[in-house]
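**Student:** Got a structure here, written out as structure tokens. Questions coming.
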Amino acid sequence: MDEVLAKYVPERAVARCVELIKTHGVHLKIVGQRQTRHGDYRRMPDGRHKITVNASLNPYRFLMTLVHEIAHLIAFETYGRQILPHGKEWKHCFQSLMLPFIRPEVFPPKLLPLLARHFKNPKASSDTDAELSIALKQFDGPSDKSYVYQLPYGSVFKIHNGRKFKKINKKTKRYECLEMATGRMFLFQPNAEVELIND
């Protein structure tokens, strides 16, 4: 288990991750990239706890995703299955589990203040914290994608399912974009990764 995890999480996080996995009886499955989620947790019919995490994540996002899913397991086991998936019980578990990792031996120093702020009130997905998400993506491999906030107004882009949009305007923190096929307006997070279409 140590050797496998060493390929996916920061070196100084491996031992603690292995301990969490063993303590909570996690069956960890590392899977191909999924567009809609970084990972998930399921309690199997036989009572085992199955967690899947995308293999394509960089070490810091992989670690956060693994701990996020273990927090679901602990929250459900501690407080029962009636709690909200990302309610206060889960937030408390996630904060407690992440705290020992938020140190310079595990994360690059420039991420630490962003992580400290994020974990005051963690969200269902770190992707909704645009500043943290953009900072984490600096550690991904090369990509031909752009962020919505980087595109000039009037640019046409497409998303993962092929739908095309034009960037129109900024609304507080998000961007209004016109869907070319329907004429409907949609709001995009600044850190949404899209493919610029060159006319």
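**Student:** I'd like the full set of residues that are surrounded by fewer than 16 Cβ atoms within 10 Å (Cβ to Cβ) and in a loop (DSSP other than H, G, I, E, B), limited to region 150-161.
**Tutor:** P152, Y153, G154, H160, N161 - these are the residues of region 150-161 that are surrounded by fewer than 16 Cβ atoms within 10 Å (Cβ to Cβ) and in a loop (DSSP other than H, G, I, E, B).
**Student:** Sort out which residues of region 126-139 are assigned to a loop (DSSP other than H, G, I, E, B) and touching a residue at least 40 places away in the same chain (Cβ under 8 Å), and write them in order of number.
**Tutor:** The answer is F139, and nothing else.
**Student:** From the list G87, G47, pick out the single residue that is at positive phi and more than 15 Å from the chain's Cα centre (by Cα).
**Tutor:** Criteria check complete, one pass: G47.
**Student:** Could you check how many residues of region 6-54 are touching a helix residue (DSSP H, G or I) at 6+ places or on another chain (Cβ under 7 Å), at pLDDT 95 or above, closer than 22 Å to P108 by Cα and of a type outside the set (G, A, S)?
**Tutor:** So the count comes out to 8.
**Student:** Can you name the residue in region 92-125 that is within 15 Å of F62 (Cα to Cα) and touching a residue at least 60 places away in the same chain (Cβ under 8 Å) and, of all such residues, is surrounded by the fewest Cβ atoms within 10 Å (Cβ to Cβ)?
**Tutor:** S125
**Student:** I'm trying to understand the selection: among the residues of region 162-188, which are in a loop (DSSP other than H, G, I, E, B) and either free of Cβ contacts under 8 Å to residues at least 40 places away in the same chain or in contact with a strand residue (DSSP E or B) (Cβ under 6 Å, 6 or more places away or on another chain) (or both)?
**Tutor:** The answer is G162, R163, T172, M180, A181, T182, G183, R184.
**Student:** Please find, among T78, T65, the residue that is in the same structural domain as E11 (by TED's automatic domain parsing), closer than 21 Å to L20 by Cα and surrounded by fewer than 13 Cβ atoms within 10 Å (Cβ to Cβ).
**Tutor:** Testing whether each residue is in the same structural domain as E11 (by TED's automatic domain parsing), closer than 21 Å to L20 by Cα and surrounded by fewer than 13 Cβ atoms within 10 Å (Cβ to Cβ) leaves just T78.
**Student:** Follow-up. Go through (1) among the hydroxyl-bearing types (S, T, Y); (2) modelled with pLDDT under 95; (3) not assigned by TED's automatic domain parsing to the domain that holds G39 for Y175 and report which single condition fails.
**Tutor:** Among (1) among the hydroxyl-bearing types (S, T, Y); (2) modelled with pLDDT under 95; (3) not assigned by TED's automatic domain parsing to the domain that holds G39, the lone unmet condition for Y175 is (2).
The values are calculated or read from the model by the stated rules, or taken from the named source; none is laboratory data. Nothing here was measured: the structure is a model prediction, and the numbers come from that model. Glycine gets a Cβ as well: all are built from the backbone with ideal geometry, and neighbour counts include every protein chain shown.
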